[in-house]
Amino acid sequence: MHILLVGAGLSCAVIGRTLAEAGHRITIMEARDHVAGNCHTVRDADTGVMVHVYGPHIFHTDDEEVWDYVNRYETFLPYKNRVKTTSKGQVFSLPVNLHTINQFYGKTLRPDEARAFIEEQADTSITDPQTFEEQALRFVGPDLYEAFFKGYTIKQWGMSPRDLPASILKRLPVRFNYDDNYFFHRFQGMPENGYTAMVERILDHPAITVHLNTAFTRAQADDYDHVFYSGPLDGFFDYELGRLGYRTLDFERFTYEGDYQGCAVMNYGEEDVPFTRITEHKHFAPWEEHEGSVCYREFSRACGPDDIPYYPIRQVKEKALLAEYEALVEKVGNVTFVGRLGTYRYLDMDVTIREALDVARAYLGKAGAGEAVGA
């Protein structure tokens, strides 16, 4: 088969490699001038720092096959994401842990004492939290909610936490020990030479041809046996039903001679600070040493037609529009929609790779059996 993949990010790279190894001919069209999508990394010429161009990407997973897969193409070195946050003139550790609680309240509580103390702060009248705010008030009480979650959430999503679902906060744990590792997965690390080097190796196969700076049009799908599309779902249909809602990010880059903040990620939870966080990229590669530093202030805002979409909003209005686009998808014969943009979901990198492997294997199974491969 001659198969077209639209986009050269993780989804299409993994699918393309899997199908190429099975004997298919692969063409990849990428609108940007580089591969690896939003996890694109590049080494800064002046400082030597490996920069995450579209914001930091930290690999973490419990999926052993996915961990083994990425390590086939790049050496992953140990990295623990230890996030800090500035609030009320102090620096605290996130996620909220025993150190955060004791520091914030000026106490020396043991784990069982802290658990009981936080339960006293919580609003126990909320028995079935429906919104982000209700979940936070039930989870940690008003003080910690105001200090660490409310302002950050308003800036990140551009709306009141009363209008966001409780499920968003369920991903943020509270720990009654001193573990300040942001993630809890078994495998955590960073690629020694960056994500772009990894994706380039995945795509390094004689049956794969990559065309950068090349836009895709829907009519081109007819020229191939099958298409895997990782671009915006609504964009495939030329936005004929309207645009799905996203948040985008603006980055304010600055350099510093020395160590600017002593950690990779510093959140700013107060609403009157316009940016959500500052990332200092040399700390994402703790095995390297650099005198200079490259930092980014991140600003979140509504995504316009010419912006890079980052976070799908997925509120009631967007879900209704998504259902309408899904009805159009059912009428498309030879296109499979994949990845964060193609399925309009927020996906971590490990889930993206897992789904790509599963989709590619399902395609090979159907094609090998002579079955029709639908949308």
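The values are calculated or read from the model by the stated rules, or taken from the named source; none is laboratory data. Computed from a predicted structure; not experimentally measured. Glycine gets a Cβ as well: all are built from the backbone with ideal geometry, and neighbour counts include every protein chain shown.
Inspection of the stretch 232-246 finds a residue satisfying the criterion of being outside any loop (DSSP other than H, G, I, E, B), over 17 Å from Ala8 (Cβ atoms) and either in contact with a Pro (Cβ under 8 Å, 6 or more places away or on another chain) or modelled with pLDDT under 95 (or both). Residues in the stretch 90-103 that are within 29 Å of the chain's Cα centre (by Cα) and not in a strand (DSSP E or B): 7 in all.
Close Cβ contacts (under 6 Å, 6 or more residues apart or on different chains) running from residues in the stretch 71-89 that are touching a residue at least 60 places away in the same chain (Cβ under 8 Å) to residues that are among the hydroxyl-bearing types (Ser, Thr, Tyr) comprise Asn81/Tyr182; Val83/Tyr182; Thr86/Tyr268. Checking the structure you have, find out if any residue of the stretch 183-195 is under 30 Å from Met1 (Cβ atoms), in contact (Cβ under 8 Å) with a residue 40 or more places away in the chain and surrounded by 15 or more Cβ atoms within 10 Å (Cβ to Cβ). Looking through the stretch 183-195, at least one residue is under 30 Å from Met1 (Cβ atoms), in contact (Cβ under 8 Å) with a residue 40 or more places away in the chain and surrounded by 15 or more Cβ atoms within 10 Å (Cβ to Cβ). For the stretch 1-28, which residues satisfy the criterion of being buried (at least 23 other Cβ atoms within 10 Å of the Cβ) and assigned to a helix (DSSP H, G or I)? Hits for the stretch 1-28 are Leu10, Ser11, Cys12, Ala13, Val14, Ile15, Gly16, Arg17, Leu19. Criterion applied to Leu144, Leu109, Leu137 was being surrounded by 15 or more Cβ atoms within 10 Å (Cβ to Cβ), free of Cβ contacts under 8 Å to residues at least 24 places away in the same chain, assigned to a helix (DSSP H, G or I) and of a type outside the set (D, E, K, R), and the one residue passing it is Leu137. Scanning the stretch 168-216 for residues that are modelled with pLDDT under 95, among the basic types (Lys, Arg), assigned to a helix (DSSP H, G or I) and more than 20 Å from Pro56 (Cα to Cα) yields one hit, Lys170.
Only residues that are within 15 Å of Asn193 (Cα to Cα) and assigned to a loop (DSSP other than H, G, I, E, B): list them for the stretch 29-56, please. Val35, Ala36, His40, Asp44, Ala45, Gly48, Val49, Val53, Pro56, listed by residue number.
As a summary of the residue check, Asp259 satisfies the conditions (1) surrounded by 18 or more Cβ atoms within 10 Å (Cβ to Cβ); (2) under 26 Å from Gly189 (Cβ atoms); (3) among the charged types (D, E, K, R) except for the one numbered (1).
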